[in-house]
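These notes concern the structure reproduced below.
The values are calculated or read from the model by the stated rules, or taken from the named source; none is laboratory data. Fair warning: this is a prediction, and the values are worked out from it, not measured in the lab. Every residue, glycine as well, gets a Cβ built from its backbone with ideal geometry; the counts of neighbours run over all protein chains shown. Heavy atoms of the whole protein, side chains included, go into the accessibility calculation; ligands, DNA and RNA do not. Shrake-Rupley method; radii C 1.70, N 1.55, O 1.52, S 1.80 Å.
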Amino acid sequence: QVQLVESGGGLVQAGDSLRLSCVASGRILFDIGIGWFRQAPGKERSFVGAIRWSGAFSYYADSVKGRFTISKDSAKNTVYLQMNNLQPDDTAVYYCGVLTTTWGRRQTSDFDSWGQGTQVTVSS
């Protein structure tokens, strides 16, 4: 079982950047996928992007493509979400989870082992 812990959230202004971390612990035996999701107040949790544990492949939601980048540090067992040019619409709790189905899937039901989330607030 993989456990995930997110961190790095905070309050920033529009146009600022922020980097979130997702630290994985437990036995990682395969090239699993780690996904980032976000949930704004009153809205459903939505897909942001995902990366293979090997770091070789990734895919993103259209809404963040070009602004957000997912990367991985193998030595630290950490997946990062680099967020640039943040906007108020990016305000949400950000979660990471383990992909349990087919690579390329984007539904919350395709992921589990969610972390506790980290709050990102972007002021205008």
For the chain the mean separation of alpha carbon contacts under 8 Å (6+ apart) over residue count, i.e. relative contact order in percent, is 35
Would you mind getting the Kirkwood hydrodynamic radius of region 53-124 from its Cα pairs, rounded to one decimal in Å? 13.7
Kindly provide the pair-distance distribution of the chain built from C-alpha pairs, with 5 Å bins from 0 and whole-percent values in order of increasing distance. 2, 12, 23, 27, 20, 10, 4, 1, 0
Through the Karplus equation 6.51 cos²θ - 1.76 cosθ + 1.60, θ set to phi - 60°, convert the phi angles of region 73-78 into ³J(HN,Hα) values in whole Hz; use x for Gly and Pro. 10, 4, 5, 9, 6, 10
Gained length - residue 3 relative to residue 46, 0.36 nm times residue gap less alpha-carbon distance: 13.4 nm
Give me the distance in nm between label points sitting 7 Å out from Cα along the Cα-to-Cβ direction at residue 112 and residue 30, one decimal. 1.3
Counting only protein heavy atoms, what percent of the accessible surface of the chain is carbon or sulfur at a 1.4 Å probe? 47
Backbone HN-Hα couplings from phi across region 110-122 [Karplus 6.51/-1.76/1.60, Hz, Gly and Pro as x]: 8, 10, 8, 6, 5, x, 7, x, 9, 7, 10, 10, 10
Return the aspartates and glutamates within reach of residue 72: Cα separation strictly under 15 angstrom, same-chain partners fewer than 8 residues apart disregarded; answer none if there are no such residues. 6, 31
The chain, accessible area per residue, ligands and nucleic acids excluded (1.4 Å, Å²): 51
Rough spin-label spacing in nm, given labels placed 7 Å along Cα→Cβ, for residue 124 and residue 61: 2.0
